[in-house]
Structure formats: C-alpha cells, structure tokens
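Input: a single structure, listed below in structure tokens.
Values quoted throughout were computed directly from the atomic coordinates according to the rules given, and no laboratory measurement underlies them. All values reported here derive from a predicted model rather than from experimental measurement. Cβ sites come from the backbone with ideal geometry, for glycine too, and all protein chains shown count toward neighbours.
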Amino acid sequence: MEIPDQKFKVVVIGGSAGSFSVVSRMLSQLDPAFPYPIVLCLHRLKHVRSGLVEGLNMKSNIPVVEPYDKDKLQSGVAMLAPSNYHLFVEFDSTISLSTEEVNNHSRPSIDYAFSSAAYAFREKTLGIILTGANKDGAKGMKCIHEKKGYTIVQDPSTCEVDTMPRSALKLFSPNQVLKPEEIVSLLNRLKG
C-alpha cells in the first residue's frame, strides 16, 4: 500500500448502504491527532434528524459534528452532512449547506460534496468512496481525480453493496483500491 506524500486540506468520505459500520470502524481506529479536516457525506433518512452523529461520536477518536452553514473546516474534526441538506466545501475552507433539488435521488449528494472539495482544493483533496447502493459519488470522485487530488475506492469485495465503488471504477482508475482496514492504516500514516 502506497502512502501519499502530499499534504491535504480536506479528506472527503462518501458512502451509502453499509457505510455506517465502515465509517464507525474507521473513526474508532483513527489517530486522535489526525491532522486534517474530514467531511463525511453519508446517505441518511431525511425524516430522521438525530442519532447518527451521536452513534458515530460514541466510537470515534475525533469529534464528529453536523456543521451549520458557513462553519469553518477544522483539523481533526469530522463534519457530517446534515440530513436532507447538500454540503459544499468552499474556497475559504467553510461549509455551505443547501436544500436545492436532490441529485442521484439523494440529499446530501456525495457528488456535490466531492466536486466542491475538488474545485476548492484541487490536488490537496483526498477522496474516499465506500460501500453504497447507487452511483452517487462516482462523478465527484472522477472530478477529484481530474483535479489531481488523491482517490481511494473501497475494495468492492469488502462492500455490503458494491454499486458505488464499482460505478467509480467504471469512470476512472483511482490511486488505490483498499479494504477498510487498509484505508484507516493509510489515513493514520499521513503527514500533517
């Protein structure tokens, strides 16, 4: 497994079906001194407003928060896209939230979160796509790749539902295809 030597301004992680348990495991094994902001864009039920942040925080080694519009990215903090809002990463390292139309049957849209991070931070973006049941995130991952960011796709053989990773793999060749434990190992070896 290769470890990227560049420094990042943001790590964006997207997932859907099956991703909660993967993200929980990853956050529970993450170094408490993790040096970068994390943006989590997970498909979630729009009428259930609470529980996910609390569940993730119970296991996570870093704080997990739902950001408000214009909140600033913070190193070592995971920001979870709020239920029924699109999340965009802005050039000034803030978060914008939007209720515009759904994209790929989803709000939050992983494509929007990934693409906005890619445009804001280009090669300083690390994108990770996890298990999921639709194609959301594939175009956003390709955008990160095209802007020279670093891209990791969860190994489809380890996914509860492999549609999301396979959709990304059909569009481009990522830097790496890794199992969840390998993704955590890579994150813990990044230089700050």
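Dipole of the chain (Lys/Arg Cβ +1, Asp/Glu Cβ -1, origin at the Cα centre): which of Ser185, Ile152, Asn103 lies farthest to the positive side?
Ile152
At most 14 other C-beta atoms within 10 Å and a DSSP loop state: those are the exposed GluC sites (Glu not before Pro) I care about. Give me the longest piece of the chain that has none.
By the stated rule (loop sites, at most 14 other Cβ atoms within 10 Å), 3-99.
With each label point set 7 Å from Cα along the Cα-Cβ vector, what nm distance links Ile3 and Glu90?
Output for this residue pair reads 3.5 nm.
Select one label from [x] 0.93; [y] 0.96; [z] 0.91: the one whose number is Rg/Rh (Cα atoms, Kirkwood Rh) as derived from the coordinates shown.
Identified label for the calculated read-out: [z].
Students often forget the sequence filter, so: which lysines lie under 16 Å Cα-Cα from Lys72 once same-chain residues fewer than 8 apart are removed?
Partners found: Lys9.
Starting from the 7 Å offset along Cα-to-Cβ, what nm value, one decimal, do you get for the label separation of Ser28 and Ser173?
Computed distance between label sites Ser28 and Ser173 equals 3.6 nm.
Return the loop-located trypsin sites (Lys or Arg not before Pro) in the range 46-114 (DSSP other than H, G, I, E, B) with at most 14 other Cβ atoms within 10 Å of their own Cβ; answer none if there are none.
Lys46, Arg49, Lys70
Please list, in chain and number order, the residues 5+ apart from Lys179 or on another chain whose amide H is under 5 Å from its amide H, with Hs placed from the backbone.
Asp155
Counting other Cβ atoms within 10 Å, which trypsin sites (Lys or Arg not before Pro) in the range 106-192 have at most 15 and lie in a DSSP loop?
Lys148, Arg189, Lys191
Quick one: which of Lys70/Lys148; Lys59/Lys148; Lys7/Lys70; Lys70/Lys179; Lys70/Lys124 span more than 28 angstrom between C-alpha atoms?
Listed pairs above 28 Å: Lys59/Lys148; Lys70/Lys179.
So which chymotrypsin sites (Phe, Trp or Tyr not before Pro) in the range 20-91 pass both tests, a DSSP loop state and at most 10 other Cβ atoms within 10 Å of the Cβ?
Tyr68, Phe91
If you place +1 on the Cβ of every Lys and Arg, -1 on the Cβ of every Asp and Glu, and leave all else neutral, what size is the dipole of the range 10-188 about its Cα centre, to the nearest 20 Debye?
220
222 nm [θ] for the chain, helices only, -39500 (n - 2.57) per DSSP H run of 4+, per residue, to 500?
That calculation yields -9000 deg cm²/dmol at 222 nm.
What net charge is computed for the residues neighbouring Ser167, neighbours being all others with C-beta under 11 Å from the C-beta of Ser167, Lys and Arg scored +1, Asp and Glu -1?
+2
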